[in-house]
Amino acid sequence: MCCLVSAIVFVFVLLCVIEDLFPEADASWSGPATQGTILAGRSAAVAASPQQFQKPAVKLSPGSSDGVTHVEPEPQQQKQQQQQQQQQLEQQKQSVAPVAPVWIFCASQWQECLCYGTVRWGTRDTWAEYKAKRDGAANRVVCSISKLPDVAPGDDTKHCECAVQPGSDFHHSLNPALLEGAMARKSKLAASCEIFEAARKDSESAASLWEAVAAFCSDDWATLNADARTGNRAMSLDTMRSLMRAWVDDRFVGNYKRFFKEKGWAERGFVNYYAGAPGGKHVRMTEELINSVHAFSSEPIIVFHFGTFTPKTWSAEKWPQLVLFHAAPIPPHAHRSFNFNKLRAMLLCRVRVGMQLDSDQFVAPGVDAIFGRTAQEITKDYAMPILPVHFLDRTPQDTGAYWARYCPGDVCRWQTTRWGHAHPTWTFWALPWIGRWLRRNFRDEWLPEKKGGEMSALRVTDIPEDEDLLNVGTWEEGGTKQWCKIDLPGPDDFNALLHTDPGAKRCTWSCGNVSPDRRFHPQGAAKVFYTAHHAVDPMATIRWVAQLKSRKNSLPPPIMYRGRFYKTGQEMMAEHPNVKCII
C-alpha cells in the first residue's frame, strides 16, 4: 500500500513540474504527435549543446512558429549586449579613416634608397613610383638615371622619397631629422641654434662655435654684416637653421653622456659622416672604420648619419666608443654636394680637438698621437684646420674656377700650400674658419678682387666640393701648415710597415715617399702610418686590421721618410731639416 501511494505522489509531482516548464502545452497534449514534437525539440537541444544543461540559468522555451520547441542559451540579454558592443566597435572602425603614408626624403641622386614602403623617384610634381614589396621585404632602389628613367632631364634635384606608415616599426627606426609634426620622435636634441646661442658664454670653445654658426642661425647676422651679400643660389635662413640641428641616437645616449660632459663637449674625437642603406657597401665600410677605432684608439668615434635609417645591429654594447648622431640631409633644391656635410659635422659635433675620417678609411696603431700634435699646431694664433698633403699635386691644368684667382696666368703666386686632402684635423679655435667658409658657400657669397685686380673675383658656390673649399680657404687666408701623409693613399701602403722585421729601422718593401712637387715638397712628403684611405673593400679592411692587430706590439715606428722609420716628427726633422710637411 505504501509503495502504491509513493508511486501516485511521484506521478503527481512529475506532472506539476512538466506543467510548470511548459505552461502552454497542457491544452495541446492530445496524443503521440504532440509528444513527438516535444521530444524532437528536447532531443535536438540536447544533441546541439549538452553543456548548456550544466548551467543553472538554462531556460527551455516553448514552440516557435514552426511548431518546434527550442532550447535557447543563457542570458539572452547578455548575448544582445555582446552584439551591441560588436556593432559599436565596427562603427568605430568605419568612422576612423585609415592613416595615409607620409612621404619623406630617402636618397639623393646617385645614392641608394632602402624603404619598407613605396619609393618614388623624381622631383616636384614629376615622379615614377616603385610599389612596396607584397611580402614586406625592403624596397631597395638605386636613385640614378643609370638605373631609372630620367623623369626630369637636366634637373639635378631628382631624388628618391619613401612612403612611411605612421606608427609602424619602420617609422620608429627613422632618422628623427626627417620627421615633423605628428611623425616626430622624442630623441635627444644635442645641437641646434638655440643650444649654441644659449651656451655661447660658457667657455672659449662655446664662444668660438657661436661665432662659427651665427650666420646660419641669427636674423641679426646679415644686418650686421651687410658687406657679405648673398646671391640667387643662397639657402634661406630657415633652411640653414634646420641644418644646424642634430639628435643623439636613442641607443647611444649612454655613450654620449660618457664622452660629452655636462656642457655637451667632448675633449677629443674622430668625426665621420655618411648616408647609405643598411647592408650596403658604404655602411659596411663605415662599420669597419668604427671597428678599427675600437681596435687601435681610446678616443670616441662620432658618426653623423645623414640618411634614412641605420642598421638595427648597431648598439652601445657592441661599440662602446661610438656616439651616433642624426641630422637632416642638405635638401636637393639647394644644389650642394653631399660632401659639405663633412663641414656641418665638424661644427655640430662639439669636439675640442678633432680628426675627420671618411668611411673609406681605417685607423692604425699610434693614431691617437695626432690629437696632441693637432692641439699644439692649431691655436688662437693659427686658427684654421690643417689638411694632409695630397698624393696628387693638382695645378691650374686641372678643372676649377678658383685657379684663375690663385694662379693667374698659370703662375701660382697666391697658392700657399700644395693641394691638400680633405681629411682635416682641427681644434675649437678653427671653428670660426670652418663656419666662415661653409657660410660663404651656403649664402652664395663672392670673394672680391684683391691685389689690385690680380686676384680675380670668385663666386664661392663655384667651388663645387668640400676638398676644393678647404684648399681655397687655406690659400685665401694664408695658411702654410700641412700634415705629412697621415692618410696613406691606399691600404697596400701598409705593406711597408708589415714587411719590416720587429726592431728594424730601414724599410725593405714599398719604401717610397709621397710624390714630389717643384714648389712645396721637392723631395716628396713623408708617409705616416696613422690611417689608410681608399679602403673600399670591407672584407679586405677586415684582413688589414687583423694583420695590424697581430703585429700591434712589434711594428716599426709610424713615420717613414726616404726609406727610414722615425718615432716622432722631431726625430725626422733632425735628420731632414728641409722637410716642409709637419708631423
Quick check: residue separation of residue 236 and residue 169 times 0.36 nm, minus the Cα distance between them. What number comes out in nm?
20.8 nm
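Wrap a convex hull around the Cα atoms of region 295-338, take a quarter of its surface area, and give that in square nanometres.
Details: hull surface 16.9 nm².
Mean orientational projected area (region 295-338, Cα hull): 4.2 nm².
With a 1.4 Å probe and all protein chains left in place, how much of the accessible area of region 422-561 comes from carbon and sulfur atoms, in whole percent? Can you show the working numbers first?
Details: 2770 of 5390 Å².
Ligands and nucleic acids excluded, carbon and sulfur reach 51 percent.
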Once every Cα of region 153-246 carries one equal point scatterer and solvent is ignored, give the base-10 log of I(q)/I(0) from the Debye formula at q = 0.11, 0.14, 0.20 Å⁻¹, two decimals.
-0.50, -0.74, -1.05
Starting at the first residue of region 452-463, write each ³J(HN,Hα) from the Karplus equation 6.51 cos²θ - 1.76 cosθ + 1.60 with θ = phi - 60°, in whole Hz, x for Gly and Pro.
x, x, 5, 8, 6, 5, 9, 7, 6, 6, 7, 9
Over the heavy atoms of residue 282, what accessible area does a 1.4 Å probe trace out, to the nearest 10 Å²?
80
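At R0 = 60 Å, how high is the FRET efficiency between residue 157 and residue 80 if r is their beta carbon distance? Nearest 0.05 is fine. Before the final figure, lay out the partial values.
Numbers: r = 61 Å, r/R0 = 1.02.
My answer for the efficiency is 0.45.
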With r defined as the distance between the Cβ atoms of residue 536 and residue 454 and R0 fixed at 51 Å, what FRET efficiency is calculated, to the nearest 0.05?
0.80
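Given that compact globular proteins tend to follow 2.2 N^0.38 Å, what is the ratio of the alpha-carbon Rg of region 107-169 to that value? Mind showing how you got there, number by number?
Working: Rg = 11.7 Å, N = 63, 2.2 N^0.38 = 10.6 Å.
Computed over Cα atoms of region 107-169, the ratio equals 1.10.
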Mind ranking 112, 449 by accessible surface for me, highest first, 1.4 Å probe?
449, 112
Amide H of residue 386 versus every other amide H placed in the peptide plane: which residues, excluding those fewer than 5 positions away on the same chain, fall under 5 Å?
425
Accessible carbon and sulfur surface of region 178-293 relative to its total accessible area, %, 1.4 Å:
46
Along region 428-437, Karplus-curve 3J(HN,Hα) (6.51, -1.76, 1.60; θ = phi - 60°) to the nearest Hz, with x for Gly and Pro, reads 4, 5, 8, 4, x, 4, 4, x, 4, 7
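Can you run the Rg to Rh ratio on region 253-299? Use alpha carbon positions and the Kirkwood inverse-distance Rh. Kindly include the intermediate steps, with their values, before the conclusion.
Details: Rg = 12.9 Å, Rh = 12.4 Å.
Result: Rg/Rh = 1.04.
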Positive end of the charge dipole of region 320-446 (Lys, Arg +1 and Asp, Glu -1 on Cβ, about the Cα centre): tell me which of 361, 408, 389 has its Cα farthest that way.
408
Determine the alpha carbon to alpha carbon distance for each of 186/263; 201/580; 481/567 and list only those over 27 Å.
201/580
Keeping all protein chains in the complex and leaving out DNA, RNA and ligands, what accessible area do you get for residue 183 with a 1.4 Å probe, in Å² to the nearest 10?
20
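With a probe of 1.4 Å, find how much accessible area region 433-562 has per residue, and write the answer as a whole number in Å². Intermediate values should be presented prior to the final figure.
On the way: 5400 Å² over 130 residues.
Heavy-atom SASA per residue in region 433-562 reads 42 Å².
From the C-alpha gyration tensor of region 345-400, pull out the three semi-axes of the equivalent ellipsoid (sqrt of 5λ each), sorted largest to smallest, in whole Å.
After diagonalising the Cα gyration tensor, the semi-axes are 24, 17, 13 Å.
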Ratio of Rg to Rh over region 290-384 (Cα coordinates, Kirkwood Rh, two decimals):
0.99
Region 344-484: relative contact order as a whole-number percent, Cα under 8 Å and 6+ apart
31
What figure in square angstrom, to the nearest 10, would you give for the accessible area of residue 505 with a 1.4 Å probe?
100
Reach of residue 318 by Cα under 12 Å, taken over aspartates and glutamates that are not fewer than 8 positions away in the same chain
287
Restricting attention to the alpha-carbon atoms of region 226-338, what are Rg (one decimal) and Dmax (integer), both in Å?
16.2, 51
Sorted by accessible area with a 1.4 angstrom probe, largest first, how do 319, 509 fall?
509, 319
Rough spin-label spacing in nm, given labels placed 7 Å along Cα→Cβ, for residue 505 and residue 228:
5.0
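Determine the gain in length on full extension of the stretch residue 381-residue 562; use 0.36 nm per residue of separation and subtract their C-alpha separation, reporting nm with one decimal.
Working: separation 181, 0.36 × 181 = 65.16 nm, distance 3.22 nm.
Stretched fully, the residue 381-residue 562 segment lengthens by 61.9 nm.
The values are calculated or read from the model by the stated rules, or taken from the named source; none is laboratory data. The structure presented is a predicted model; accordingly, all values stated were derived computationally and were not measured. Note that we place each Cβ from the backbone using ideal geometry, even for glycine, and neighbour counts take in every protein chain shown. Note: accessible area is taken over every heavy atom of the protein model, side chains too, but ligands, DNA and RNA are not part of it. Shrake-Rupley method; radii C 1.70, N 1.55, O 1.52, S 1.80 Å.
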